[in-house]
Amino acid sequence: MKKISVIDRILFLITGLLASYQIVDGIADAGTFAITTYTIGFGVLLVASLLIIILGFDILDSPLVVTVSTIIPLSLSLGLVSEYLPKWQTPYLIFAILGFLTIVITRYKSTGKLATILPVATVHGVAGMIIFLLPIIFSLQGKTPGGFALVGIGGALIGIGGLLLTFLKSGKPILPKETILTLLPILFVLMATAFVFGFAAG
Amino acid sequence: MDKLKTKLRLYLPLIKSLQTILLLVTGLAGYMTARCPVTTAGTMIGLTLSLFLSVSGSTILNMWYDRDIDAKMPRTQKRPLPSGKMDATEALRLGLVISILGVGIAVAMDALYGLIIFGGLFIDVVIYTIWLKRKTAWSIVWGGISGGMPILAGRALGTGTVDWIGIALTLAVLFWIPTHILTFSIRYRKDYKLAGVPTFPSTYGETFTRNTIAISSILAAVIIGIAAYGVGTEWGFLRLMAVLSAGLLSLAIASVVKPSETVNFGLFKYASLYMLSAMILLMF
């Protein structure tokens, strides 16, 4: 496993600080439900960054990574749905809870490779598309300021990060492991920056 | 000049700079929970100086007294006293002078503040180190109480009294200490065994120790949350504190459910970071 460098640590620290800012101030104008889900999403990002700083990339070997990394897109997409598509809040909440539980159950009671991958791909796919498309469509339609589209960019980056991690965990990485671990801190910091500026604009 | 530099290089490891800074920050946070924004630079300088000197003084006195057991542990045997780089009498004099200076400044600033600072130093050096550390694993409770004195002192200096928030903040530090010390004693259990110092892992086993860490982490997180609410910390900062507390609790639970050296080390480091962050958040 690649040793974590000082630069990697600095990038994760910046990610943690951006996530902290977002929890404290960046989501203050949202509704109670959205504040709660955003806090969970950015909170997991913050704690994950701190743990990588402390324990290095070895922590990515943990079987919990796939489950925990699902929380970030799910909770952020829940917050977006609650704020911008409030009629869909309850159905999407049910989808999120069921999806998350399915991932947890299939992770620990493995019922074949397809049964393990399918829920992860579905949940990540739907949540990722919401974070990616909703801000961009709303910005294009003029329902939100143009800068809000940056949240969609953050969503794309989180999707790339999630894909790289999933392939890494599956043992069939699309890029060499070293390259993925070199890209990961950069992706994290860019994603957090896009979210902070995007939410500030929206 | 070179002689002075050499001396300073020897003195620096005697004060455990990271631990001293963390305790100093708790004291400043205690004061700022009552007086924020800070408008009295003189008081802040006095508070910083007296806390720094008192904490450093007590650490030097502890190092002086524990030099025999430090010499038995690989982790500590390179320290200036057990390695023979520094004379024991010189360390004792230095510790006494710095402690007296620190407590003196504290008393001159405010009698109650000075009394609490003196109490912390007395409990740490006399009750914890000299009396109980080599006799019982429960000595850490007294170590925890002394660790909670800087924040209580800071709060008392700001309010002029010992209020429930000050006591809650002290309890938060007291319950945080086992997370910090017990994870450390699991990591270095062989060292402590060599030195004959009773610890929770050696007395009660690792399972009991990990359960204690988990319970004390929960208590520390809950009490610090209550104290922060009492202080009037803004919702945004409370949310951040809740997130950081959730991280601490997750690691504590992970150390019980799936114990490993990695989780233990992670919890030890995260606990320090958690306390530092919580103190900074209390300042706002």
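Values for this structure:
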item	result
Index of the failed condition, B:SER99 passing every other in (1) among the hydroxyl-bearing types (Ser, Thr, Tyr); (2) farther than 30 Å from B:LEU194 by Cβ; (3) within 18 Å of the chain's Cα centre (by Cα)	(2)
Number of positions in the stretch B:241-256 that are away from chain A (no Cβ under 11 Å) and hydrophobic (A, V, I, L, M, F, W, C)	3
Some residue of the stretch A:14-26 being of a type in the set (A, V, I, L, M), open to solvent by less than 20 Å² (accessible area, probe 1.4 Å), within 29 Å of B:ASN264 (Cα to Cα) and at the interface with chain B (Cβ under 9 Å from one of its Cβ atoms)	yes
Matching entry among A:ILE97, A:ILE59, A:ILE53 (being more than 14 Å from chain B (Cβ to nearest Cβ) and in a helix (DSSP H, G or I))	A:ILE97
Test: residue in the stretch B:39-51 that is closer than 25 Å to B:ILE140 by Cα, in contact with a helix residue (DSSP H, G or I) (Cβ under 8 Å, 6 or more places away or on another chain) and open to solvent by 10 Å² or more (accessible area, probe 1.4 Å)	no
Long-range neighbours under 9 Å by Cβ, at least six apart or interchain, first residue open to solvent by less than 30 Å² (accessible area, probe 1.4 Å) within the stretch A:123-145, second assigned to a loop (DSSP other than H, G, I, E, B)	A:LEU134/A:LEU85; A:PRO135/A:THR144; A:PRO135/A:GLY202; A:PHE138/A:THR144; A:PHE138/A:GLY202; A:SER139/A:PRO145; A:SER139/A:GLY202; A:THR144/A:GLY202
Which listed residue, of A:THR37, A:THR102, is open to solvent by 20 Å² or more (accessible area, probe 1.4 Å) and assigned to a helix (DSSP H, G or I)	A:THR102
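Conditions tested, residue by residue: (1) without any contact (Cβ under 8 Å) to a residue 24 or more places away in the chain; (2) more than 14 Å from chain A (Cβ to nearest Cβ); (3) over 26 Å from B:SER139 (Cβ atoms); (4) in contact with a helix residue (DSSP H, G or I) (Cβ under 9 Å, 6 or more places away or on another chain).
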| position | (1), (2), (3), (4) |
| --- | --- |
| B:ALA172 | no, yes, no, yes |
| B:ILE177 | no, yes, no, yes |
| B:ARG189 | yes, yes, no, yes |
| B:ALA195 | no, yes, no, yes |
| B:GLU206 | no, yes, no, yes |
| B:TYR229 | yes, yes, yes, yes |
| B:GLU234 | no, no, yes, yes |
| B:ARG239 | yes, no, yes, yes |
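The values are calculated or read from the model by the stated rules, or taken from the named source; none is laboratory data. Nothing here was measured: the structure is a model prediction, and the numbers come from that model. Cβ: placed from backbone, ideal geometry, glycine included. Neighbour counts: every protein chain shown. Remember, those area values only see protein heavy atoms, side chains included, never the ligands or the DNA or RNA. Shrake-Rupley method; radii C 1.70, N 1.55, O 1.52, S 1.80 Å.
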